[in-house]
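Trainee: Dropping a structure here in structure tokens format, bear with me for questions.
Values quoted throughout were computed directly from the atomic coordinates according to the rules given, and no laboratory measurement underlies them. Model, not experiment: these values are computed from the prediction. Counting neighbours? That spans all protein chains shown, and the Cβs are built from the backbone with ideal geometry, glycine included.
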Amino acid sequence: MQNFVQYTPTEVIFGRGTENQTGAEVKKWGGSRVFLVYGGGSAVRSGLIGRVERSLKDEGIVWEEFGGVHPNPRLAFAEEGVRKALAFGADFILAVGGGSAIDTAKAIAHGTANPEEKLWDIWTQKVPLTKSLPVAAVLTIPAAGSEMSDSAVLTNEAIGKKAGINTPFNRCRFAVMNPELAATLPAYQIACGVTDIMMHTMERYFIPGIQCEMTDCIAEGLLRTVIKNGPKVLENPSDYDAMAEIMWCGSLSHNNLTECGRGKDFSVHKLGHALSAKYDVAHGASLAAVWGSWARYLYQDQALGRFTQFAENVWGISGDGKTEEETALAGIEKTEAFFRSIGMPVSLSQLGVQPNEEDRKALSLDATMGDTVKLTRIRPLGAKEVGEIYQMAM
Ligand code: NZQ
Ligand code: ZN
């Protein structure tokens, strides 16, 4: 087991009706002027924004609304939020929504606390982030895990780049999680969320050469829980118990718990972010479209033991009468079959994009930061190898 630091400071308020506690929570964490960030309207239509605002009012908290966050949220929109939050005098940034609203809220918190700096300079760590405003979330979609993660992702549309920043200042003070709020989700968004939750665990799982039984058991149990309950919530998004399992898995998959003693990789996310930056495709779908090719490219040699363990412990595939390679491949095939069964693409054409050779080269350069960064902790992949994975995924 490798040395590690486990720091997950977000207070979780989980269960039915918990959005009505939002005002009291904001007050508890010192907020009095709330900048309220949300998406394209689902939270208004469901009446959630109204309930959250009532709970703020009950605590004597004033607020300003900032709706309209786009999925794959944009830098320019966050910059507009910073200007408005400064003019309003916000001392607390509250997101109501999913990863896109929460990440925009995190960006606004950083920008508002550092008005002399350009937000993209903070994002790309050209200037160090040493202070921010408090952020919190009322979660409406189990997916990105931003409600407990130390990361946030924005797209800089001017340069066509989607990039994340990891910092303790990205940790929400609290996260309200009521699985009932996810009952209005369209099936495609549920499937994208299920995929993203699995991927956050798998991006930490396939790192070879490290003995880490406890973390493996947590990761495998989490994956089995998502595989069991994902189809149930797709069938019936109002199945409270199944949605509760998925929502809790979403947070635990990305709050660092599944990397303790093992670390993380996140190379599939690099490939997916390049696709989302270029084609504005949904995050979870971008990951499903390339994962199988990524896995087939890497499963042999030193990673073989991880892939066979995954096949056996996550999918219950018996290794009896099979070579290790056959067991590992059976696990990859099962995973792709699961993605297909929930309506996710397992190729770029199913994702609806057809990058030609030149496009694939540009995607590979984007994913590897101009071929300066080697991806994966299985073996180092540069732009050439990443281009081969994109080609396999066609
Ligand atoms: O905008 P509205 O109208 O709210 O609609 C949203 C949006 O269209 C809809 N939605 C959300 N909750 C709903 C709902 N519709 C009906 N009922 C509800 N209860 O779902 C759509 C997707 O929302 P979004 O916030 O984009 O989804 P998600 O949570 O998947 O977030 C994706 C973003 O998070 C980033 C992704 O890259 C992407 O930009 N990620 C953030 C991470 C982090 N901060 O830790 C980690 C992830 O790996 C990921 O990269
Ligand atoms: Zn993700």
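Trainee: Towards the positive end of the charge dipole of segment 108-216, with charges on Cβ (+1 Lys, Arg; -1 Asp, Glu), say which of Ala163, Thr201, Trp123 has the farthest Cα.
Mentor: Farthest towards the positive end: Trp123.
Trainee: Then there is this: Among the complete DSSP H segments of the chain, which ones combine at least 24 Å of alpha-carbon extent along their axis with a mean Kyte-Doolittle hydropathy of 0.0 or more? Spell out each step's value before the answer.
Mentor: Details: long enough: 187-205 (27 Å, 0.13); 213-235 (34 Å, 0.06); 324-341 (26 Å, -0.51).
Length and hydropathy pass: 187-205, 213-235.
Trainee: Starting from the alpha-carbon convex hull of segment 302-379, give the projected area averaged over all orientations, in nm².
Mentor: Approximately 6.9 nm², given one-decimal rounding.
Trainee: Another one. Kindly give the semi-axes, whole Å and largest first, of the ellipsoid equivalent to segment 221-329, taking each as the square root of 5 times a Cα gyration tensor eigenvalue.
Mentor: Numbers: eigenvalues 123, 87, 43 Å².
Values for segment 221-329, descending: 25, 21, 15 Å.
Trainee: Calculate the spin-label point distance for Gln354 paired with Thr130, positioning each point 7 Å from the Cα along the beta-carbon direction, and give it in nanometres.
Mentor: With each label placed 7 Å out from Cα toward Cβ, I get 5.4 nm.
Trainee: Hey, if you put +1 on the Cβ of every Lys and Arg and -1 on every Asp and Glu Cβ in segment 45-113, which of His110, Ala90, Ala76 ends up farthest toward the positive end of that dipole?
Mentor: Highest projection toward the positive end goes to Ala76.
Trainee: Now, a different point. Rounded, prolate or oblate: which fits the chain when a ≥ b ≥ c are the square roots of the eigenvalues of the alpha-carbon gyration tensor, with rounded for a/c under 1.5 and prolate only if a/b beats b/c? Could the numbers behind the result be given before it?
Mentor: Values: a/c = 1.81, a/b = 1.45, b/c = 1.25.
It comes out prolate by the Cα gyration axes.
Trainee: A further question on this structure: Is the C-alpha gyration tensor of segment 23-123 telling us rounded, prolate or oblate? Criteria: a/c under 1.5 is rounded; beyond that, a/b larger than b/c is prolate, otherwise oblate. Mind showing how you got there, number by number?
Mentor: Details: a/c = 2.24, a/b = 1.27, b/c = 1.76.
Oblate is the answer for segment 23-123, as a/c is 1.5 or above yet b/c matches or exceeds a/b.
Trainee: Quick one: work out the % antiparallel among DSSP beta bridges in segment 114-213, nearest 5. Intermediate values should be presented prior to the final figure.
Mentor: Numbers: 6 of 9 bridges.
In segment 114-213, DSSP labels about 65 percent of beta bridges as antiparallel.
Trainee: A further question on this structure: Got a sec to turn the phi values of segment 7-13 into Karplus ³J(HN,Hα) couplings, 6.51 cos²θ - 1.76 cosθ + 1.60 with θ = phi - 60°, whole Hz, x for Gly and Pro?
Mentor: For segment 7-13, the Karplus-derived couplings read 9, 10, x, 6, 7, 9, 10 Hz, x marking Gly and Pro.
Trainee: For segment 65-148, with only Lys/Arg (+1) and Asp/Glu (-1) charged at the beta-carbon, what is the dipole magnitude about the Cα centre, in debye rounded to 20?
Mentor: Working: 7 positive and 9 negative charges, 21 e Å.
The calculated dipole for segment 65-148 is roughly 100 debye.
Trainee: Can you tell which of Val69, Val233, Val44 shows the greatest fluctuation in a Gaussian network model of the chain with Cα springs below 10 Å?
Mentor: Val44
Trainee: Given a Förster radius of 45 Å and the C-beta distance between Ser32 and Glu333 as r, what FRET efficiency does 1/(1 + (r/R0)^6) yield to the nearest 0.05? Mind dumping the intermediate values first?
Mentor: Values: r = 55 Å, r/R0 = 1.22.
The pair Ser32/Glu333 has a calculated efficiency of 0.25.
Trainee: Another question, then. Where in segment 156-198 does the amide nitrogen come within less than 20 Å of the point 7 Å from the Cα of Ile210, taken along Cα to Cβ?
Mentor: It comes to 165-168, 197-198, nothing else.
Trainee: If you don't mind, there's one more thing I want to ask. Give the separation of the Cα centroids, segment 114-174 to segment 336-384, in Å.
Mentor: 24 Å
Trainee: Now a separate question. Using the structure shown, select from Lys322/Lys361; Lys334/Lys384; Lys228/Lys361; Lys106/Lys361; Lys106/Lys374 the pairs with a Cα to Cα distance greater than 30 angstrom. Mind dumping the intermediate values first?
Mentor: Numbers: Lys322/Lys361 37 Å; Lys334/Lys384 28 Å; Lys228/Lys361 38 Å; Lys106/Lys361 32 Å; Lys106/Lys374 28 Å.
Over 30 Å apart, Cα to Cα: Lys322/Lys361; Lys228/Lys361; Lys106/Lys361.
Trainee: Same structure, new question: Select from segment 92-150 those trypsin sites (Lys or Arg not before Pro) which occupy a DSSP coil region and have at most 11 other Cβ atoms within 10 Å, ordered by residue number. Please report the intermediate quantities before stating the final value.
Mentor: Details: sites: Lys106, Lys118, Lys126, Lys131; in loops: Lys118, Lys126, Lys131.
Those that pass, being in a loop and sparsely packed, are Lys126, Lys131.
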